[in-house]
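Just so it is clear, none of the values below were taken in a lab; they were calculated from the coordinates. Predicted, not measured: the structure shown is a model, and the values here were computed from it. Positions of Cβ are backbone-derived with ideal geometry, glycine not excepted, and every protein chain shown enters the neighbour counts.
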Amino acid sequence: MALDVDQMVHDRFESIREVADYFVRTGRSRPCVIFADYISDSKFKAFSSRLKERGLNMANENIVFLTDLSGLACGCGLAGLCYETLEERFGTGEDMFDSLLCSADEGAIAAIAWLGSKGLRIPQDCSGVGFTNAR
């Protein structure tokens, strides 16, 4: 049976690529990503491959996969885990990132709070994007 319909193709990664384009367009050169392990690796690949297409490579130390989510069960929450991870990785303020993509809004909120605790401003000093429900 033939159906007479228009075809619509949905690219679920396009908005992630748009974030990479925005970072590049606004002159950000040291992006950081924070992804929880329940978020698909394919989203990270879409983001990092778009950066490469635009001539920008991510530093390995700026790629954060939150793999130990056991703290979520005991009330730490994703926001707390994100905040703690940023403090552990970047607490000295050396080699800071200038843009940040978080796989969850609560992680982005925690990151904004953490950046504020370091005296940095959003978006002047660091662009921040939270990206929830982008499976």
**Asked** Can you work out ³J(HN,Hα) from phi for every residue in segment 94-105, in order, using Karplus 6.51 cos²θ - 1.76 cosθ + 1.60 and θ = phi - 60°, giving whole Hz and x for Gly and Pro?
**Response** 7, 6, 5, 7, 10, 7, 9, 10, 10, 6, 8, 4
**Request:** Compute the FRET efficiency between Ala113 and Leu56 as 1/(1 + (r/R0)^6), taking r as their Cβ-Cβ distance and R0 = 25 Å, and round to the nearest 0.05.
**Result:** 0.40
**Complete:** So Arg12 and Ser29, fully extended at 0.36 nm per residue minus their Cα-Cα distance, gain in nm 3.6 nm
**Prompt:** Distance in nm between label sites at Met96 and Asp21, each 7 Å beyond Cα in the beta-carbon direction?
**Reply:** 2.9 nm
